[in-house]
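The values are calculated or read from the model by the stated rules, or taken from the named source; none is laboratory data. From a predicted model like this one, the values you see are computed outputs, not experimental measurements. A quick note on method: Cβ atoms are made from the backbone with ideal geometry, for glycine too, and the neighbour counts reach across all protein chains shown.
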C-alpha cells in the first residue's frame, strides 16, 4: 500500500526536473565543459549542494499545508508577496525567451529548417499554450516521466562512449578575466535551476493534491523531490562531461546562435554514439527543451494568478482550470518574451546570460522567503535543526556571492 501511494505521489518532482533540465543543463553545463574542461565541476557540485534546502522546502510546505509557497509568502507579510511578484515579473520574460530560443534552435537543427529564431520561437510558444489548454496538468505530469527517462538514458550512454582517460587538466578558468567571471555568475544562476522553480514545484504539488483529492504524505513528497533533484545533478555532470570530452581543446567554440548551437550539441552525442543516433538524440534533446517550455508556460500563469489574488483580495485558488486570469498571464508572457527575442537580435547566448544572471542576483531573496515560509508550518513538519543550519549557511553564501557580483559589476 505504501509503495502504491509513493508511485501515485510521483509527479511534481519530475516536473521540477523537466523545468530544471533545460537551459542550465543543455546549454550552460555544456558550455562549461567545452570552454573550461573540468575546471568548473566543483562549482556545479557546490551550487547543487547550497541550493538544496530551498528547493526541498517547496514540497515540505505544500504537503504540510495543502497550499503553495505563495501562501507562505503572504503569511510572512504583504511585502514578501509584493517582492515575489516584482521578482517574478522582472525575470519571467527573459527566462521564457531564453528557453524558447534554445528550443527553436534544436527544432531548426533537427528538421533542417531555416526559419528565423523569433518566428519559430513564437510558433513554439503558441503550441505550448494550446497543449496546456487541451491537456492541462494531468497530461503534462504524465508526459514528463517518459521525457526525463529518455534523456537520462541517452545522456549516460553518450558520456560512456565519449569517455577519455587521457583528458588533460585544463586550468583554463581565469579569476581575473571579466568574461570568465561573467560566465561563472550565469552558470551559478541556473544551476541546478532558478530558485523560483521551488515556487512552481509547490504549485504543482498543490495541483497534484487537488487531482488526488487528498493531501500527499510528507515523506513521499520529499522522496519524489529528491529523485528529481539528485537526478538533475547527475545529468548536469553528464552534460559538462560531454562538453569536456568532445569539445574542450578542439578549437571549436559553442555558437551564440541557437540553431548552430543545437547542431553542435547533437553532434556531441553522435560523436560518442555514432551517426545512427542523430535523430534519437536530437528528438530527446528537443523533447526535453519543449517540455521545459511547456512547464515554464504553465508555471508563470499558475503562480501569478494566486499571487495577485492574495495581493488584492483575501482568498485565492490554484490556476488549475483555463480561466481568464490564467490566459491573461500566459498571453502577456508570450508577448513579453517574444519582444525580448526581437530586441536581443536572436542571440541565444545574450538572452541566456541575461536570464541566468538575473536569477543569480535574486537567489538569496527567494531563499530567505522560502525559509521564512517553511518555518511557519506546524512544528512537526518543519525542517530538522540540521537542515535549518544548512539553510542558514546557504543563505549566507548566496548573499555573499550576490553582493560580490553587484560590487564587481557596478562599482
Wholly within segment 318-411, which helices (runs of 4 or more DSSP H) include no fewer than the required count, namely at least 3 residues that are without any contact (Cβ under 8 Å) to a residue 12 or more places away in the chain and farther than 28 Å from residue 133 by Cβ? 385-410
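Every residue, every condition in (1) under 30 Å from residue 343 (Cβ atoms); (2) in contact with a strand residue (DSSP E or B) (Cβ under 7 Å, 6 or more places away or on another chain); (3) modelled with pLDDT of 90 or more; (4) surrounded by fewer than 20 Cβ atoms within 10 Å (Cβ to Cβ), yes or no:
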| site | (1), (2), (3), (4) |
| --- | --- |
| 32 | yes, no, no, no |
| 44 | no, no, yes, no |
| 47 | yes, no, yes, no |
| 53 | no, no, yes, no |
| 56 | no, no, yes, no |
| 59 | no, no, yes, no |
| 62 | no, no, yes, no |
| 72 | no, no, yes, no |
Anything in segment 306-335 that is modelled with pLDDT of 90 or more, surrounded by 17 or more Cβ atoms within 10 Å (Cβ to Cβ) and under 27 Å from residue 21 (Cβ atoms)? List them, or say none. 306, 307, 329, 330, 333, 334
In the set 358, 389, which member is more than 20 Å from residue 69 (Cα to Cα) and surrounded by fewer than 15 Cβ atoms within 10 Å (Cβ to Cβ)? 389
Out of 207, 193, sole residue that is within 24 Å of residue 147 (Cβ to Cβ), crowded, with 24+ Cβ neighbours inside 10 Å and either at pLDDT 85 or above or under 14 Å from the mean Cα position of the chain (by Cα) (or both): 193
Go through segment 36-68 residue by residue and tally those that are within 15 Å of residue 390 (Cα to Cα) and either touching a residue at least 40 places away in the same chain (Cβ under 8 Å) or over 16 Å from the mean Cα position of the chain (by Cα) (or both). 11
Hits in segment 80-134 (condition: at pLDDT 90 or above, over 23 Å from residue 326 (Cα atoms) and surrounded by fewer than 19 Cβ atoms within 10 Å (Cβ to Cβ)): 119
Quick check: anything in segment 162-178 buried (at least 24 other Cβ atoms within 10 Å of the Cβ) and modelled with pLDDT of 75 or more? no
